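Accompanying notes for the structure given below.
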Amino acid sequence: FLNFLYTMKFGVLALCVALGASPSHSWVLPVSSGVLFTGKTLPTDSLRAPTSSALRASVQRPDVTKKDKRREYMAKDSYFKNGFKEVREEVAGTMDVEYNSAVVDELKESNYVLERGDVKVHLAKDFGFCWGVERSIALAYEAREHFPDRQLHITNELIHNPEVNDKLDAMNVEFVPKTGGEENGKDFSKVRDGDVVILPAFGATIEEMELLDSKNVEVVDTTCPWVSKVWNTVDLHQRKGLTSVIHGKYGHEETMATTSFCEDFVCVKNMEEAEYVANYIVNGGNKEEFMEKFKHATSKGFDPDTMLDKIGLANQTTMYKKETRAIGQLLQKAMLTKFGPVNPKDHYAEFDTICDATQERQDAIHELITKKDELGLDFILVIGGWDSSNTQHLLEIPLNAGVTAYHINRGECISADNTITHRKLNGEVVTEPFLPEGKVKMGVTSGASTPDRAVQDSLDQIFLLKKVMA
């Protein structure tokens, strides 16, 4: 299956990735542009989150853009983005053993319904690993096999799933440590000549790419092509002279990478923040208050009085699609109110950058919710990493519809004493009583970074617990 995907899709997707940067200027990293001192030596081993507008002051070669620089890096012999064919079959077999599930296969074969004892399970029609995540894991595993005697590093979690990241750790892949603080810094000092560095599915900032290019290392790029699609979008914004309004979480790895390819940007994490920006566009407001509210979510040197006259919308690929669409309609209305209907494209642009897998999983859980009474569901179990944005939105959908739902990150969250440790919408992790007496009907789904084996482990815990309770 993986071989088929590689051969049929790599050509097109590799082109998507190759086009996935945005324009700015090439520059030597000054302290103000994203390099932190880790001591009294030259500051090349630790990076903070990227800046944007102020970098124009440090332009070295204005004819070379960030997109050009990324293409330069990707064209080098030390940069790998298509994996390693000689170990692909072996890796496919390993992933099949580690991540596939007989229980999930049985569910799919029986119209997504399975009954075991007092438990009846209804599985969402779209769930679990997306192709981009599966590809990213395969590339990381192939890198480990291709470079068996080399030290491997990864600039972040490969994906937001604890089991996958634990397996990489067990394979002696070192995670580049974070230095913490508001700058979201990382310490690259342990990356040595001859090492191999993996870029995760979320991508990497242009500053990180430039730092790695300055070292004598091999780079394996597992960036999801959908993330590169967002980079293409903000690239178009810059070319059209638009400020990027990004619907996303400014501290999320993907959004940090995206903003590094922007010049001027503001991130809004929800409708409330988007309404604040829209009101400022139409009516103006207190500039100091605006900057305080978005102090971590704007490009350096951002000026809301001059940079919101021409805007383009993009989004973190894992955000809630309906909210992104509503934000787009809100911003479009704000621009029409302020500037009128003449030449609206001069002031606003919008592209759909929610990935297909995110949308399909959201649609599938909506379908479960609409059939809740018909199916008699007692609750919906959502399985995926607690820091997984797409999984968090799968929890948000049933809870907002008044349906009981639990978000767990692995089967061990369900305990023999009939309690469940789960993450609430506000991020709080709590332990509560779980299964009721008697028969149970439940829905289940999993995030795009969740392997089928995690679904099986969770269901096995419930089956066993109900058997003991009988």
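Among the residues making up segment 332-357, those that are over 16 Å from LEU236 (Cβ atoms) and in a helix (DSSP H, G or I) are GLN332, LYS333, ALA334, MET335, LEU336, THR337, LYS338, PHE339, PRO344, ASP356, ALA357. Can you find a residue in segment 392-415 that is small (Gly, Ala, Ser) and not in a loop (DSSP other than H, G, I, E, B)? The answer is yes; a qualifying residue exists.
Look at segment 280-301: where a residue is assigned to a loop (DSSP other than H, G, I, E, B) and a partner is among the hydroxyl-bearing types (Ser, Thr, Tyr) and open to solvent by 30 Å² or more (accessible area, probe 1.4 Å), sitting 6+ places away or on another chain with Cβ atoms under 8 Å, you get HIS296/TYR250; ALA297/TYR250; LYS300/SER32.
With respect to the stated conditions, TYR79 is farther than 22 Å from ASP169 by Cα and at pLDDT 95 or above. The single condition among (1) in contact with a Phe, Trp or Tyr (Cβ under 7 Å, 6 or more places away or on another chain); (2) open to solvent by 30 Å² or more (accessible area, probe 1.4 Å) that ASP373 does not meet is (1).
Of the residues making up segment 437-451, just one is open to solvent by 10 Å² or more (accessible area, probe 1.4 Å) and either part of a strand (DSSP E or B) or without any contact (Cβ under 8 Å) to a residue 12 or more places away in the chain (or both), namely LYS441. If you filter segment 452-470 down to residues that are of a type in the set (A, V, I, L, M, F, W, C) and farther than 29 Å from CYS130 by Cβ, you find that the one that is least open to solvent (accessible area, probe 1.4 Å) is LEU465. Report yes if THR223 is surrounded by fewer than 22 Cβ atoms within 10 Å (Cβ to Cβ) and either more than 21 Å from the chain's Cα centre (by Cα) or outside any helix (DSSP H, G or I) (or both), otherwise no. No.
The single condition among (1) of a type in the set (A, V, I, L, M); (2) in contact with a Gly (Cβ under 7 Å, 6 or more places away or on another chain); (3) part of a strand (DSSP E or B) that VAL121 does not meet is (2). Residues that are at pLDDT below 95 and either among the aliphatic types (A, V, I, L, M) or under 30 Å from THR298 (Cβ atoms) (or both) number at least 1 in the following strands (runs of 3 or more DSSP E) confined to segment 129-189: 178-180, 185-187.
Matching residues to (1) surrounded by fewer than 21 Cβ atoms within 10 Å (Cβ to Cβ); (2) closer than 26 Å to ILE206 by Cβ:
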residue	(1), (2)
ALA257	no, yes
PHE261	no, yes
VAL277	no, yes
GLY285	yes, no
LYS295	yes, yes
GLY301	yes, yes
THR318	no, yes
LYS345	yes, no
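Of the set (1) open to solvent by less than 10 Å² (accessible area, probe 1.4 Å); (2) under 16 Å from ALA124 (Cβ atoms), all apply to ILE414 but (2). Could you please find all residues in segment 182-210 being open to solvent by 20 Å² or more (accessible area, probe 1.4 Å) and in contact (Cβ under 8 Å) with a residue 60 or more places away in the chain? Answer for segment 182-210, where residues must be open to solvent by 20 Å² or more (accessible area, probe 1.4 Å) and in contact (Cβ under 8 Å) with a residue 60 or more places away in the chain: GLU182, GLU183, ASN184, ASP187, SER189, GLU210. Of the candidates GLU432, GLU367, GLU374, GLU428, the single residue that is at pLDDT 95 or above, out of contact with any helix residue (DSSP H, G or I) (no Cβ under 9 Å at 6 or more places or on another chain) and either among the polar types (S, T, N, Q) or more than 22 Å from LEU459 (Cβ to Cβ) (or both) is GLU428. Within segment 263-275, restricting attention to residues that are in contact with a strand residue (DSSP E or B) (Cβ under 7 Å, 6 or more places away or on another chain) and not in a helix (DSSP H, G or I), the residue that is surrounded by the most Cβ atoms within 10 Å (Cβ to Cβ) is PHE265.
Residues in segment 425-436 that are out of contact with any strand residue (DSSP E or B) (no Cβ under 6 Å at 6 or more places or on another chain), under 28 Å from VAL133 (Cβ atoms) and either in contact (Cβ under 8 Å) with a residue 12 or more places away in the chain or not in a strand (DSSP E or B) (or both): LEU425, ASN426, GLY427, GLU428. Selection of segment 376-401 for residues being among the aromatic types (Phe, Trp, Tyr) and either open to solvent by less than 50 Å² (accessible area, probe 1.4 Å) or touching a Leu at 6+ places or on another chain (Cβ under 8 Å) (or both) yields only PHE379. The residue pairs whose first member lies in segment 231-260 and is farther than 17 Å from THR324 by Cα, whose second member is assigned to a helix (DSSP H, G or I) and of a type in the set (Phe, Trp, Tyr), and whose beta carbons are closer than 8 Å, counting only pairs six or more residues apart or on different chains, are ALA257/TRP231. Name the residue that is farthest from GLY284 (Cα to Cα), counting only residues in segment 302-327 that are part of a loop (DSSP other than H, G, I, E, B) and charged (D, E, K, R). Here the answer is LYS310.
The values are calculated or read from the model by the stated rules, or taken from the named source; none is laboratory data. All values reported here derive from a predicted model rather than from experimental measurement. Positions of Cβ are backbone-derived with ideal geometry, glycine not excepted, and every protein chain shown enters the neighbour counts. For accessibility, only protein heavy atoms count, side chains too; no ligands or nucleic acids. Shrake-Rupley method; radii C 1.70, N 1.55, O 1.52, S 1.80 Å.
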